[in-house]
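Comments concern the structure below.
The values are calculated or read from the model by the stated rules, or taken from the named source; none is laboratory data. Computed from a predicted model, the values in this text were never measured in an experiment. Note that we place each Cβ from the backbone using ideal geometry, even for glycine, and neighbour counts take in every protein chain shown. Ligands, DNA and RNA are stripped out before the accessible areas are found, and what is left, the full protein with its side chains, is counted by its heavy atoms. Shrake-Rupley method; radii C 1.70, N 1.55, O 1.52, S 1.80 Å.
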Amino acid sequence: MRRRDLFHSLVRLGERPHTSNVTPIVTTTGLEPHPTPLTIEDAYHLLRRAGFGPTRQRARSLVGKSSEQAVDELLGTTIEDPSTTPGTWVDRTTENPAGADLQTRFAIEAQWSTNMGSLANWWIQAMVADDSAIEKLTLFWSNHFTTEFSFDETNSIPQTLWRQYLMLRRNSLGNFPSFALDVTLDNAMVWYLGGHFNERGRPNENYARELMELFTTGIGWYTEGDVKEAARVLTGWKSSRFNDEPTGPDGYYHAYFDAARHDTGAKQFMGQTIAARTADNNTAFQVRTEEIARLIDIIHEQRPEAVSAFIADKLYRYYVYSSPTESNRQVVAGLANVFRSNNWNIRPVIRTLLASAHFFDPAVRGAQLKTPLEFIAGVLRQFGSSEGNPQDWSRRMDQSVMDPPTVFGWPGYRSWISTNSYPVRRNFAQGVIGRMTDAQALAFIRSFDDHTDIRKLVPQVVAYLLPVPVSEARVENYIKAALQNAPDYDWPQIVADAATAGQRIRTMLTTISRAPDFQLC
Amino acid sequence: MKRRTFLQTTGAAALGVNLLGGVPTRAFSPVQLLPTVTDQNDRILVVIQLFGGNDGLNTIIPVDNPTYYQIRPSIGVPKEEAVSVLGRVHMHPAMDPANVYNMRRMLEDGRLAIVQGVGYENPNLSHFRSTDIWLSGLNSSDPNVRLVDGWLGRHFSRTVSGFPEILPDHPLAVQIGGTLSMLFQSPKGDVGIALTDPQKFFELGQGLSPDLDPMSDETAYGREFNFVRLVAEQSDRYSSVVKEAFDKGRNTVQYANNGFVRQLQLVARLISGGLKSKVYMVYMGGFDTHVQQQSADLTGLHPFLLESLSTGVGQFMQDMLQQGQAEKIVGFTASEFGRRPEENGSRGTDHGAASVQFVFGPRVSSGVYGNTPDLGNLDANGDQRFQYDFRRVYADVIETWFGGDPADTEELFGERILPLGVLQAPVSVDDAYRGRDNVSISAWPNPTTDKLTLGWLQTVPGSVDVELWTTEGRFVKRLHRGWFDPGQVTLPLRIEATGSYLCSVTVNGRRSTVPIAVIR
C-alpha cells in the first residue's frame, strides 16, 4: 500500500463513511504576494487561470514584473463596455409567441435560438481575444448569479441575456451588495426565478431562497421564515419581455415596479424589521432602496462570515482548485477577511488571490480541469486559430453559454470530463491543429526562441501547452513525433521550409494534445 | 501482453459472464490477478431521476381529502378527473395516456409499486443539497459535510475487485446524458460512463486511450491527471462495447417521440443487445414547478412531465417484456423532494418535503405502500411528513436485487436501513431446503406498555435475529439473537421507549416484520 492510500484509509476510519470534510492542500505559502518576478512559466500559469490561456506575446509582456503589477495590468482600472455587440438584434423588440399560431410561434422561438447562438459565439470570441481577466471573471459571475436560456417550457429572451451579460461585466470587480441588487432587479433574473409572479398575497419563494442559498450566504444560514419574508420584500417586480406587453419607465427589457402588487406590510427578516409603508411611498425607487437594498444589507450585516466565506470559497475553487474536498482553509479564510475588511469590494479580493504566493505555489499548478469554455477558447487562443461556430462545440461538451442545466450553475470539477465530453474535446483539438496550414504551423513555432534547435524548442512548446513540466521521456517522445525519424541535426533544414515543417509540427502538437494533462491547467 | 491482444483473447469468454476479465494497466503490479466474479447475477437496475422536486400530491391524488381541494384551489385535480386504479389509488389523468402501455396499466398488471411519503429527517429544501442527499444515500444537513460520491458508485467501487486498475469488460453503470451523475462517482473514480449517442461515441471514442502511465497521486495535479486518464481509457474501451450492443439490440415498440422516452428506448436497446451494465440512469428535469404548473384543463407543464414518465416507463417495460428481458429489470424514480401541499400564488407550488416514489418491474411486490398523506399534520414549514426513509428502496436493491447483505447496506449508508420489501427475492431450491422462508409473526399485547411477546412458527432449525426499527426504517437496536428449533416459538421481550416501531424477525437470513406500538 502506498503511503497516501494508508493515510486515506486511516482518515476514513475516523469519520462517518464517505462524507468528506474539506482536507487541506498543505502549502507554506499564503496570501502574501508571490515574492519573485514572474518567469515565463509563472506568466503562463497566471494567464491560464486568470484568463483563457496565454499567448506567447502576452506572456512575454508579463515576464519580469511582480505578481501585483501583472495582476493590476490584467484587471485594468475601469471596465468599458465592449465596442461591438453580437448583432443589431440586441435592440430589437420581440413578438409574444404565446397565443400566436404555431407557425409564428416556431418562427419566433427559432429566431431566439439563432440569436442565442450569435450571443454565445460573440462571447467565446471575446474570451479568445481577451488579454485581460475580465471575461473570465464575468463568466464566473454568470455562473454564480445564474440564469438559463432554456428552462421548463420557456426561454430567457436573448436580448435580456445580452443586457444581463453587460450588467455582470460592469459589476465584475465592483461592490458585491450593490452587484446583488442589480442582479435582483435584472430583467432576465426577474423572469427566470419567478419574481415576475411574486405578488402581494401570492408569494413565490423561488428567488428569495436562491438569493441566500446560492448567491450570498450559502445554505444553512437562514430559516424557512426568512425565505418567506424575503419573498414578501421582493413582491411587485415585473419582467419586460414582449412588444404586446406593458413596460416600465426604462423601456423594453428593463424590469419595472407594479406598486399594486407589492406587499407593503412590515417584514421580519433575520431578526430585523423592514418597516411597513403607506401607499404614498410605495414607489419603485423607495422599495428598491428601503426594502430590497435593505434586505441585501441585512444579509451582509447579519451573516458577514457566511457571505464572505461562501464567495471566497467559490472564487478559490474557480481560480485555484475546484475539488470540493480539498482546499486551503487559511487562504480561503484570509480571502474572506479581505472581502469583509474592504467593505465588500470584489477587486481587492481578486487582486490578493491572483497575486498571492499560494496562487503561484507548485502544489496547485496543473490541478484544474479545464472547463469546456476554457478548453475551447484556450485551444483557439494558444494556436492562434479561429472557429466559425464555437458555441456548438461548447454545447457538445455540455457547457452551453448562459444556459447551465439548473440554477445551481454548472456542477463543475470532474463532471466536466466524461466519456461523453472527453472524446469531443479530443476531436475539437485535433480538428483545430489539423486545420493549421503549413505556414501557420511554422509561424507558431517561430514564436519560440531558438526554434531551429529541436531540443530547445520542444520543452518550450510543452511549457506553453501543458501546465506542469513533464518527464524527459515524454519530451523525447514529442521530439520524436516532430522529427519522424529524421536526425535532430536535420531540424534547422526542416523548419526552413513550411512544406516539410507543417505536417511534422502538427503531428507533434496532436501528440501533445492527446495527453491527459492537456485537459488541465 | 499488449492490451489489444488481451482483449481479443478474453473477449469471447467474458461475454457470457458478468464483470469477468479486465485489463492490466502497466504501472501496477506486474503479476495481475483476474478479478474475482463478485456478482454472478444478471440483474439490472434502472434509475429515473426526476429533477426539480416532483409534486407527489398532484401525481397520486388524495381525492377523498377535502383539505387537498382547499389548499389547491386552482391546481387540485378533481376526483372525477382522476384515474381510479384497482379502487386503491387515484392517479393524475396524465399518468394514463391513451393507446400506450403505461403506469396505470402496470399497476393493474402487478408491475408497479407506489410508495407514499418517501423522504428523510430534517428535510432540506435546497434542490442541490437534497439531490446530493438522495444520490449519496447520506442524510447530512451540515453544509460543511460535502457529499461527493454516490451510493452505487461506492457500492461498485468496494465490491468489484481490482477497480479501477482493472476495468470490467462492460461499463458497470451507464448514464444516458452528457454529464455523469454523482450516483456513479466513487472515491476510486467514476464507475460509470455518460452516453448520449452510441454511434458518435464509437466514432469519437476509438483510440483515445492515452499512451501514458498513471502518475503518482500525491499531488492534486497527479490525481486529476489520473482521473482524465481513466476517462480516456473508458472512452476507448467502452465505445466499442456499447456500439456492439447497440447494433445487436433492437426495440419492439414504437416509442413516443419525446426526449425522455427516447432515453429509455436507448436503454432497452442496449439491454436487448447484451450490454452487461448493472445500472442505467435516465434523467428528466422540469419538476421545479413554481409557476404555472397546470392549466384549468389539467394540461400544462407538470401533466406533460407525468405523461412523459408514464409513457416512457410503460413503453420500456412493454419492450422488455416482449423481448423476454423484463424479469431481470427493476427500476425506481428518485426526486429530491415533493412540493409544498399549499399551492402558491402563481398556479404553482414551492419546495416541499416527502413525496411519492415509483418502483417498477415484474419482480416488484406490486401495490401501494404507506398511507395517504396526512394534510392535517404538516411540519413547521407546512410540508408533508415522511413515512419511509428514502433509502429503504436502496436497501432492497442492495440486499435483495444485487445479492448484498445488511453489512453492505450499513457500510454504504453509515447506518442500518430496513429494506422496504418491495422487491421479491427469487426463491431458490437452496432457500427452500434451508427453510429460508418468510414467517408470519404475531405480537401481543400490541400496543403494549413495555412487555411484548412475539410468536411465529418455525419450520426448520435456524439462527434468528430480532431487531427494532423506526417506522421510517432506520435501525434502533437488536432485541434478541439466538438459535431456535422447529416449532411454535414464543419470545418475551421488553421495550423501554414509547413509540411506534417495526419489529423484524430474521430466520436464516429471511426477514419478516410486524408493526408494534409502545404506549404508556
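Structural remarks
- Exclusive hit being more than 14 Å from chain A (Cβ to nearest Cβ), β-branched (V, I, T) and open to solvent by 20 Å² or more (accessible area, probe 1.4 Å), set B:V364, B:V368, B:V359: B:V368
- Of all the listed residues (B:D197, B:D213), the sole one being more than 7 Å from every other protein chain (Cβ to nearest Cβ), surrounded by fewer than 19 Cβ atoms within 10 Å (Cβ to Cβ) and modelled with pLDDT of 90 or more is B:D197.
- Here A:Y478 does not qualify as under 22 Å from B:Y221 (Cβ atoms), more than 14 Å from every other protein chain (Cβ to nearest Cβ) and hydroxyl-bearing (S, T, Y).
- Of all residues in the stretch B:101-144, exactly one satisfies the criterion of being among the acidic types (D, E) and open to solvent by less than 50 Å² (accessible area, probe 1.4 Å), namely B:D132.
- Every residue from the stretch B:154-183 that is under 23 Å from A:D398 (Cβ atoms) and either facing another protein chain (nearest Cβ under 10 Å) or in a strand (DSSP E or B) (or both): B:P171, B:A173, B:V174, B:Q175, B:I176, B:G177, B:G178, B:T179, B:L180, B:S181, B:M182
- Among the residues of the stretch B:300-348, those that are in contact (Cβ under 8 Å) with a residue 24 or more places away in the chain, part of a loop (DSSP other than H, G, I, E, B) and within 10 Å of another protein chain (Cβ to nearest Cβ) comprise B:R340, B:E343, B:N344, B:S346, B:R347, B:G348.
- When the criteria are applied in full, A:N187 fails the requirement of being among the polar types (S, T, N, Q) and closer than 30 Å to A:A43 by Cβ.
- Residues in the stretch A:212-236 that are over 28 Å from the mean Cα position of the chain (by Cα) and either farther than 28 Å from B:A380 by Cβ or of a type in the set (V, I, T) (or both): A:T223, A:V233, A:T235.
- Check on A:L520, open to solvent by less than 10 Å² (accessible area, probe 1.4 Å) and away from chain B (no Cβ under 14 Å): no
- Of all the numbered requirements in (1) open to solvent by less than 10 Å² (accessible area, probe 1.4 Å); (2) in a loop (DSSP other than H, G, I, E, B); (3) more than 23 Å from B:G338 (Cβ to Cβ), B:H290 misses one, and that requirement is (3).
- Pick from the stretch A:138-151, criterion part of a helix (DSSP H, G or I) and without any contact (Cβ under 8 Å) to a residue 60 or more places away in the chain, ranking: nearest to A:S308 (Cα to Cα): A:W141
- Selection count, the stretch A:403-435, where residues are in a helix (DSSP H, G or I), among the aliphatic types (A, V, I, L, M) and touching a residue at least 60 places away in the same chain (Cβ under 8 Å): 2
- The set of residues in the stretch B:487-520 that are part of a strand (DSSP E or B) and polar (S, T, N, Q) comprises B:Q488, B:T490, B:S500, B:S504, B:T506, B:S512, B:T513.
- Residue match in the stretch B:205-212 (condition: under 30 Å from A:R365 (Cβ atoms) and without any contact (Cβ under 8 Å) to a residue 12 or more places away in the chain): yes
- Of the helices (runs of 4 or more DSSP H) lying entirely inside the stretch A:451-514, the ones with 3 or more residues being open to solvent by 50 Å² or more (accessible area, probe 1.4 Å) are found at A:454-465, A:472-483, A:498-513.
- Every residue from the stretch B:271-290 that is of a type in the set (S, T, N, Q) and within 14 Å of chain A (Cβ to nearest Cβ): B:S277, B:T289
- Any hit, the stretch A:389-400, residues being under 30 Å from B:L195 (Cβ atoms) and of a type in the set (A, V, I, L, M, F, W, C): yes
- Condition check for B:E244 on (1) modelled with pLDDT under 90; (2) farther than 28 Å from B:G137 by Cα; (3) surrounded by fewer than 24 Cβ atoms within 10 Å (Cβ to Cβ): one failure, at (1).
- Residues satisfying the stated conditions in the stretch A:337-364, i.e. assigned to a helix (DSSP H, G or I) and within 14 Å of chain B (Cβ to nearest Cβ): A:P362, A:A363, A:V364
- A:G225 meets all of the listed conditions (1) away from every other protein chain (no Cβ under 14 Å); (2) in a helix (DSSP H, G or I); (3) open to solvent by 10 Å² or more (accessible area, probe 1.4 Å) but one, namely (1).
- Here is the figure for the stretch B:487-503: residues that are small (G, A, S) and within 13 Å of B:T453 (Cα to Cα) total 0.
- Looking across the stretch A:237-285, just one residue is among the hydrophobic types (A, V, I, L, M, F, W, C), more than 22 Å from A:A208 (Cα to Cα) and within 32 Å of the chain's Cα centre (by Cα), and that is A:F242.
- Odd one out for A:G334, checked against (1) touching a residue at least 24 places away in the same chain (Cβ under 8 Å); (2) out of contact with any Leu (no Cβ under 6 Å at 6 or more places or on another chain); (3) away from every other protein chain (no Cβ under 14 Å); (4) open to solvent by less than 40 Å² (accessible area, probe 1.4 Å): (2)
- Cβ separations smaller than 7 Å between residues 6+ apart or across chains give the following pairs from the stretch B:231-254 residues that are away from chain A (no Cβ under 14 Å) and within 16 Å of B:R269 (Cβ to Cβ) to residues that are charged (D, E, K, R) and open to solvent by less than 20 Å² (accessible area, probe 1.4 Å): B:N251/B:D319; B:T252/B:D319; B:V253/B:D319.
- Total residues in the stretch A:124-149, condition closer than 30 Å to A:D244 by Cα and open to solvent by less than 10 Å² (accessible area, probe 1.4 Å): 3
- Single residue of the stretch B:247-274 satisfying the filter (of a type in the set (A, V, I, L, M) and open to solvent by 10 Å² or more (accessible area, probe 1.4 Å)) that is farthest from A:W191 (Cα to Cα): B:V253
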